[in-house]
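Taking it in order: structure first as structure tokens, then the write-up.
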Amino acid sequence: MGHANKEKMMKQTADVEMSYGVDEDDATRGNWSRKMDFVLSCLSYAVGLGNVWRFPYVCYKNGGGAFLIPFIIMLFITGIPMVFLELSFGQYASSGVVSIWKASPLFQGVGWAMFIVSCLISIYYNMIIAWTIYYFFASFAEELPWGYCGDWSSKNCLADPAVMYNCTHHNGVWYNDTCHHVGQVSETYINYIKDLANSSDIKYTSSSDEYFNKVVLNRTEGIESMGSLKWELALCLLLAWFLVCVCLAKGIKSSGKAVYFTAFFPYIVLTILLIRGVTLEGSGQGIAYYLTPQWDQLLNARVWKDAAVQIFFSLSPCWGGLITLASYNKFHNNCLFDAILVSILDSLTSVFAGLVIFSIIGYMANELHQSVDSVASDGPGLAFVVYPAVVTKLPVSQLWSVLFFLMLITLGLGTQIATVTTVHTTIMDQFTEFFRPSKRSFILLLAIAVTGYLIGLSFCTQGGMYVVQLFDNYAATYSLLAIGLVECVALSWVYGASKFMDDIELMLGKRPSRLWSISWSFVTPIALLIILIFTWVDFHPTSYGDYMFPVWAEGIGIIITLTSVLAIPVVAFYKVIKGVISMRSKGLVEVIKQLTRPTQDWGPRLKIHRKLVSKNQEVPPDAYDSQCPMMRLDSDHFILEKTEDKENGIA
């Protein structure tokens, strides 16, 4: 757009807003109290447990410092474009993930798929927070309970594996909880003990490992045996849902305040842990292992695939959370700046967390006289086995344990709050008249929490870990890539990249670079398709430790994936059938074409902004009237100076 046209558009914007004498607050739906609330909510949503326990492991496994090259490239190819697309989409229409698809009704199934993904994630993600809460309370014990082998431990339990590794490191033989040296006994006896040790085939486990599996989980042998309910975990899960309800009690107004803690506190703790970590012997070895480039790995296709997957899942597009959070923005918010800022901060957080984790792992490797790669772990093993074992060796171990698990709780809550907000907002936007009153909105939140808690009780059984692993592997992996691919195609090719850029220009006051349009139309969809194919080809059956899940359990996992993905074709088929019935005079092709076009009420949520669209497109503003009341006009919010608007029923 030329400078003259830009000046004209900005003047039209000012004229329309002055004629209404209003700000951009949506009285019926609400807005963020301040811009910082939104940015921190997005950051808290994106920065989750995966940044701490997955990225560092993926980084060192794929070439250390060299991995940062494909990681940064994929950030700009798939990460930032998807974040910007979803933030601008949600901000323009101020709608939930389902109702927003008035832009192209045939693809409303994409919104339902996001809704289902958020439901699945919110159910099992809170269980991980519940485990963290359990450890948080256990950290206040006079002696950390995983620091010793108690009555619950097996005969193979080692409270301090470093003692055994020190023994073997100095040419001793470890047998029957005792270290035998040549200087203490005869060589013949040493050989006899060595034969016994080799023939016994004893697999020693750390006390922290046994505490997690035997005390916290009391894990059964497999998913075939779910066992009984662990009431301690059930109470922790109840507390986790209670914390979510407290943070969302007043909608985004209360969650916007909560994120100041959930967003900033993890950085404070990570900084403290890094300072403590680098003072430990061996920490430099761990950090060097983490960052030392292995340039030959850049020729490995798997490294590039892992970089793309890590970026995509770290930023959390296609869950629906980004669209939902942006839908509460003011119309002229600079969402382009927000998308770039949040994406870069999330990536930097991953790298920073890696420094913290590998300084600790380096110390652990030094204590055990082992290589860093033999100690490094990811996922629950890092959070609930490796790190708890490390803190038992530190002075004032309870303090470090409390800080670490409180950090994990805040990281988890930040993501969980946005995910539950997506579920809550979607239902409210679908049933606006019934749920918009504040009391009913809170009742809906309670209903979501109670439902999530009751379903989540299956995770609190002795076999609950296996169910969590199944959800973690299938609820938001393949399905997210498929949803993202369809979303990109729908907005860039069906709705139209040029039209979408027009919408963004209306919000920002200037047209973004054409590179965004090229990215959404070609680069990002192709990248997502390649990642999806690689992920399927690189499929590994679900496992936990040495246990391999049975085929029927994998079948359930595939069903979990399909519950969200199938929403896209099912809703499209329903829309077409309904269209054929209601528009009998039109053929099938005409009905499909009609369903790909925006509905008459598609556009900005508030009429003041729909009027801006009408001025640019020369369309009567009333053509954008929504199916639900978009504004509640009263003396506290709006003053209308034009009598013809009152005559149109906007009083």
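Among the residues making up region 115-129, those that are under 17 Å from Asn473 (Cα atoms), in contact with a Leu (Cβ under 9 Å, 6 or more places away or on another chain) and of a type outside the set (Phe, Trp, Tyr) are Val117, Asn126, Met127, Ile128. Here the condition is being out of contact with any strand residue (DSSP E or B) (no Cβ under 7 Å at 6 or more places or on another chain) and under 30 Å from Phe459 (Cα atoms); of Val303, Val215, it holds for Val215 alone.
Taking the criterion of being assigned to a helix (DSSP H, G or I), among the hydrophobic types (A, V, I, L, M, F, W, C) and more than 21 Å from Ala389 (Cα to Cα), the only residue of region 205-232 that qualifies is Trp231. May I ask you to list the residues in region 277-292 that are surrounded by fewer than 18 Cβ atoms within 10 Å (Cβ to Cβ) and in a helix (DSSP H, G or I)? Residues satisfying the conditions are Val278, Gly284, Ala288.
If we keep just the residues of region 293-343 that are part of a helix (DSSP H, G or I) and among the hydroxyl-bearing types (Ser, Thr, Tyr), which is surrounded by the most Cβ atoms within 10 Å (Cβ to Cβ)? Filtering first and then ranking leaves Thr324.
Restricting attention to region 230-276, the residues that are of a type in the set (D, E, K, R) and either crowded, with 21+ Cβ neighbours inside 10 Å or over 30 Å from Leu355 (Cα atoms) (or both) add up to 4. Quick check: anything in region 490-502 more than 22 Å from Asn333 (Cβ to Cβ) and touching an Asp or Glu at 6+ places or on another chain (Cβ under 8 Å)? No, because not a single residue in region 490-502 is more than 22 Å from Asn333 (Cβ to Cβ) and touching an Asp or Glu at 6+ places or on another chain (Cβ under 8 Å).
In the set (1) aliphatic (A, V, I, L, M); (2) closer than 30 Å to Met501 by Cα; (3) open to solvent by less than 70 Å² (accessible area, probe 1.4 Å), Leu566 fails one condition alone, (3). Within region 444-455, residues that are in contact (Cβ under 8 Å) with a residue 24 or more places away in the chain reach partners that are assigned to a helix (DSSP H, G or I) and among the polar types (S, T, N, Q) with beta carbons closer than 9 Å, at six or more positions or on different chains, in the pairs Ile448/Ser122; Gly452/Ser122; Gly452/Asn126; Tyr453/Asn126. State whether the residues of region 384-393 include one that is more than 27 Å from Asn126 (Cβ to Cβ) and either part of a helix (DSSP H, G or I) or out of contact with any Lys or Arg (no Cβ under 8 Å at 6 or more places or on another chain) (or both). Yes - at least one qualifying residue is present in region 384-393. Across region 213-229, the qualifying residues are those that are among the hydroxyl-bearing types (Ser, Thr, Tyr) and within 16 Å of Gln469 (Cβ to Cβ), and the one among them that is most open to solvent (accessible area, probe 1.4 Å) is Ser225. The helices (runs of 4 or more DSSP H) falling completely within region 40-104 that include 1 or more residues that are of a type in the set (A, V, I, L, M, F, W, C) and farther than 19 Å from Met501 by Cβ map to 49-53, 55-61, 68-74.
Within region 432-452, the set of residues being open to solvent by 40 Å² or more (accessible area, probe 1.4 Å) and of a type in the set (Ser, Thr, Tyr) comprises Ser438, Thr451.
Remark: pairs (first residue in region 266-286, β-branched (Val, Ile, Thr); second residue open to solvent by 10 Å² or more (accessible area, probe 1.4 Å) and in a helix (DSSP H, G or I); Cβ separation under 6 Å; 6+ apart in sequence or on different chains) = Val269/Leu403. The conditions of being over 21 Å from the mean Cα position of the chain (by Cα), at pLDDT below 95 and open to solvent by 20 Å² or more (accessible area, probe 1.4 Å) are not met by Ile73. In this structure, Gly381 does satisfy being closer than 30 Å to Ser225 by Cα and open to solvent by 10 Å² or more (accessible area, probe 1.4 Å).
Number of residues in region 46-100 that are touching a residue at least 12 places away in the same chain (Cβ under 8 Å), more than 30 Å from Lys607 (Cα to Cα) and not charged (D, E, K, R): the value is 32.
Per-residue answers, yes or no, for (1) under 25 Å from Met407 (Cα atoms); (2) of a type in the set (S, T, N, Q); (3) at pLDDT 90 or above:
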residue	(1), (2), (3)
Leu322	yes, no, yes
Ala326	no, no, yes
Asn333	no, yes, yes
Ala339	yes, no, yes
Val342	yes, no, yes
Ile360	yes, no, no
Met364	yes, no, no
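The values are calculated or read from the model by the stated rules, or taken from the named source; none is laboratory data. It should be emphasised that the depicted structure is a prediction, and the values quoted were computed from it without experimental measurement. Every residue, glycine as well, gets a Cβ built from its backbone with ideal geometry; the counts of neighbours run over all protein chains shown. Note: accessible area is taken over every heavy atom of the protein model, side chains too, but ligands, DNA and RNA are not part of it. Shrake-Rupley method; radii C 1.70, N 1.55, O 1.52, S 1.80 Å.
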